[in-house]
Structures are given as C-alpha cells and as structure tokens.
1. Can you go through 83, 108, 169 and tell me which one is closer than 21 Å to residue 56 by Cβ, assigned to a loop (DSSP other than H, G, I, E, B) and either out of contact with any Cys (no Cβ under 8 Å at 6 or more places or on another chain) or among the small types (Gly, Ala, Ser) (or both)?
2. Report those helices (runs of 4 or more DSSP H) wholly inside region 250-317 carrying at least 3 residues which are closer than 21 Å to residue 130 by Cα.
3. List every residue pair whose Cβ atoms lie under 8 Å apart, where the two residues are 6 or more positions apart in sequence or sit on different chains, the first residue falls within region 207-227 and is among the small types (Gly, Ala, Ser), and the second residue, located anywhere, is in a helix (DSSP H, G or I).
4. Could you grab me the full set of residues in region 213-233 that are more than 17 Å from residue 265 (Cα to Cα) and either at pLDDT 95 or above or outside any loop (DSSP other than H, G, I, E, B) (or both)?
5. Whether any residue in region 342-362 is more than 30 Å from residue 34 (Cα to Cα), modelled with pLDDT of 95 or more and part of a loop (DSSP other than H, G, I, E, B) is what I want to check.
6. Give 30, 122, 144, 56 a once-over and let me know the one that is of a type in the set (Lys, Arg), assigned to a loop (DSSP other than H, G, I, E, B) and under 26 Å from residue 178 (Cα atoms).
7. Among 263, 270, which is the only one that is crowded, with 16+ Cβ neighbours inside 10 Å, β-branched (Val, Ile, Thr) and in contact with a Gly (Cβ under 9 Å, 6 or more places away or on another chain)?
Amino acid sequence: MKKIYFWSPHIDPQVATLKSVLNSINSLAKYRKDRKNFLINVFGEWDNFNLGLIEKINLINNRSLKKRKFKGFFNSRYLYFLIFLLSYFPLKKILNKHKPDYLVIHLITSIPILLFIFNKFKTVLILRISGYPKLNPLRFLLWKIASTKIKYVICPSEETKNFLLKKKIFRQNQLIFIPDPILTIRKINFLKREKLERHIIKPFFLCIGRFTKQKNHIFLLNFFSKNPHYLENHKLFIIGHGELERSYNEIIKDKKLSNKVEILGYKKNIFKYIYNAKCVISCSLWEDPGFVMVESAYVGTPIISSDCPSGPKEFIGKNENGFIFKSNDEDSFRKALDNFTNSSKNEIEKKLINAKKKSKIYTCFYNSKKLSNILNGY
C-alpha cells in the first residue's frame with residue numbers, strides 16, 4: 001500500500017487553501033482504498049480539525065508557536081522563520097525513517113524543497129501551487145534549482161500553468177492543471193437552505209473574502225460611495241475578517257454608507273448568503289482560481305468578477321459564465337454592473353447554466369480522479 005504524505009503548515013486557519021487540502025486528502029481516502037494518507041501536523045496547526053480517516057503525524061510537540069499571534073507582514077515572516085528552524089530536521093528524520101512514496105506540499109514549501117535539494121530521498125516530491133504565485137527573485141531561484149527534484153507541479157488554473165511555462169522554471173511535462181477540490185456537493189446543498197438572520201433583507205449584493213489588500217474590498221466601498229444610486233434598492237453585505245477591518249469601518253462611516261453597507265464578519269456557513277444574494281461580487285487583485293466564484297456558480301448565483309490573474313478570466317470567459325470587468329477600473333465595473341442589472345431573466349439563466357457546468361470540474365471526485373492519475377504514473 002502506497003503512503004502519501006501531505007505538507008501544509010499555516011498560520012491563518014481561515015485561508016481557502018486549507019479547505020482544498022482537506023478536500024483533496026479526504027477524497028483520496030474516500031475514493032482510493034489502495035493508499036494510506038498522512039497529514040504532517042507541524043506545530044499544532046491541525047489540532048482542531050476533524051481529519052476523519054486521515055492520520056496525523058505530529059512534527060513538533062511544542063505548541064508555543066500555535067499560541068502566539070503574529071500580525072502584519074514582518075511578524076508573519078518571523079513566524080515562518082521559526083517554523084523553518086524548528087521543523088527542518090524533524091521533517092528530514094520522518095522522510096528518512098518512514099520513506100513515504102509521495103510528499104505533496106502546499107504551503108510554506110521552501111522547507112521541504114530545500115530538504116530535497118540537499119538530500120536524496122526515495123520519496124517523490126509533488127509541488128501544489130496554492131493561490132496566484134508571486135515570483136520574487138528568491139522564490140524563482142529556489143524553484144529553478146529544485147526543478148530537477150520535483151516530479152510534478154500541480155497548477156490550479158491553466159493560466160498559472162502557462163505563466164510558469166513561460167518563465168521556464170519547469171518543463172512542460174512537469175506542469176499539470178488540476179482544478180482545486182472546492183465543492184463538496186452534499187454539504188453545500190444542505191447548508192445553502194439554512195435560514196438567514198432576520199435583519200438580512202433581500203435583495204442584496206454580496207462580497208466574501210478576508211479583509212486584505214488582495215480582496216480589494218476598498219475598491220467596492222469607494223465605488224458605491226461615488227455611485228450611491230446602485231444601493232437605493234439593495235444593500236451590500238461583506239463577509240470576512242482581517243487586518244483591514246478597522247479601515248473598512250472607517251470608510252463606511254466617513255462615506256456615509258452605514259445604512260447601505262454592512263460587515264457581517266466571519267461566517268462558518270457562507271452558502272446560505274450566496275444562495276439568497278442578488279449577485280456575488282469579486283473585486284480581487286489576484287485569485288487562483290477564486291473559491292467563492294466557483295461556489296457561487298454551483299449554488300446558482302450570478303457572478304460579477306474582476307479579470308485579475310489568474311482564475312476568473314478562465315472561469316467566466318467572455319461573459320459566458322458571468323460578468324467580468326477590468327480589475328480596479330471603476331468605469332469597467334460600472335458597465336458590468338449595468339450589464340447585470342439590465343440583463344433579462346433568460347440571459348441570466350443562460351449564464352448560470354454555463355457557470356454550473358463549468359463548476360463541476362472543481363468537485364472532490366474530479367480532483368481525486370486527476371490526482372490518482374498522477375500517483376499511478378499516467
């Protein structure tokens with residue numbers, strides 16, 4: 001029986017990648033009985049997750065890193081440095097002792113990559129790209145040096161695959177597009193029918209995502225402050241949390257949007273909001289591919305999205321599966337919003353059907369099938 005180890009240490013339990021990691025491992029465990037799946041629990045980041053059939057391997061018994069709060073860019077990089085120091089040699093020991101057939105790495109990948117550069121293991125290394133890859137000089141150099149040590153690079157979109165191919169870091173036969181396992185059908189169909197809170201009155205626009213620069217919610221707040229007539233008969237609800245929440249609240253207050261825009265905070269069940277929304281708006285600066293966009297497509301709610309790299313353009317196309325606008329461009333967004341509000345019921349329905357068909361390649365079953373093909377050598 002083949003042993004597959006998964007590496008995905010994280011400092012924010014709300015990042016979408018974790019959902020993809022768990023769905024990927026669980027789907028392999030469910031649909032493929034000829035393999036044993038293990039998740040490396042580096043510093044306790046997976047302690048509170050129910051992993052079902054997946055076995056955890058505790059790497060660092062000291063849980064002090066888990067308890068510490070690191071906010072901001074420099075503090076988070078300091079935490080990454082500490083994780084590196086504490087996990088490098090324990091991971092090396094595990095690879096030498098247990099000799100897993102495959103190691104699939106998702107987050108903070110520099111640690112296993114450096115181990116494979118300086119050591120020879122019998123384990124096959126598979127790099128899974130999480131989100132839109134920012135190729136700073138250090139990452140470019142690291143991936144280039146390690147390219148002969150990495151068997152496959154799993155890309156969440158064709159655009160990312162082509163981007164890496166153009167950069168000439170990896171060979172074409174190394175790069176494989178496998179859509180993220182975003183959709184758990186039975187769970188979504190149950191959660192979307194949960195009742196909304198009484199104070200949430202339809203119709204409303206919906207925006208979901210962590211309060212970070214990437215999600216670009218400030219663009220949306222500025223647009224509606226300049227064009228309040230779009231919210232005359234609608235409200236805008238924003239679901240999420242993060243370091244920019246104070247800035248959002250200040251903008252809402254200063255722009256006098258308090259009666260029309262409401263921050264709902266983090267919500268465990270986002271599907272009931274998506275299901276009841278007039279449309280879901282994504283104004284991100286980058287996505288890969290955009291979990292909320294795919295989830296909205298499956299639930300059957302129209303999507304208005306920026307054309308940011310590297311997933312939305314690929315998913316929505318030329319407005320066949322939703323409404324797309326030029327990233328960070330208010331005039332382009334206005335046209336997309338007008339196009340949506342002026343579209344007939346039949347035109348909207350056609351886009352929804354197309355989007356739902358497109359979303360089905362993001363199911364857990366599809367992902368496990370494609371990943372199994374790699375693990376089987378074809």
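The values are calculated or read from the model by the stated rules, or taken from the named source; none is laboratory data. Just so we're clear, the structure is a prediction, and the values are computed from it rather than from any experiment. Cβ atoms come from the backbone with ideal geometry, glycine included; neighbour counts cover every protein chain shown.
1. Working: 83 fails: assigned to a loop (DSSP other than H, G, I, E, B); 169 fails: closer than 21 Å to residue 56 by Cβ.
Being closer than 21 Å to residue 56 by Cβ, assigned to a loop (DSSP other than H, G, I, E, B) and either out of contact with any Cys (no Cβ under 8 Å at 6 or more places or on another chain) or among the small types (Gly, Ala, Ser) (or both) holds for just one of 83, 108, 169, which is 108.
2. Working: elements: 271-276, 291-299, 312-316.
It comes to 291-299, 312-316.
3. From residues that are among the small types (Gly, Ala, Ser), the pairs are 209/217; 209/292; 225/251.
4. Answer for region 213-233, where residues must be more than 17 Å from residue 265 (Cα to Cα) and either at pLDDT 95 or above or outside any loop (DSSP other than H, G, I, E, B) (or both): 219, 222, 223, 224, 225, 226, 227, 228, 229, 230, 231.
5. Yes, there is a match, as at least one residue in region 342-362 is more than 30 Å from residue 34 (Cα to Cα), modelled with pLDDT of 95 or more and part of a loop (DSSP other than H, G, I, E, B).
6. Details: 30 fails: assigned to a loop (DSSP other than H, G, I, E, B); 144 fails: assigned to a loop (DSSP other than H, G, I, E, B); 56 fails: assigned to a loop (DSSP other than H, G, I, E, B).
When all the criteria are applied, what remains is 122.
7. Unique residue meeting the criteria: 263.
The rows are residues; the columns are (1) under 23 Å from residue 17 (Cα atoms); (2) aliphatic (A, V, I, L, M).
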position: 90; (1), (2): no, no
position: 94; (1), (2): no, yes
position: 106; (1), (2): yes, no
position: 110; (1), (2): yes, no
position: 114; (1), (2): yes, yes
position: 120; (1), (2): no, no
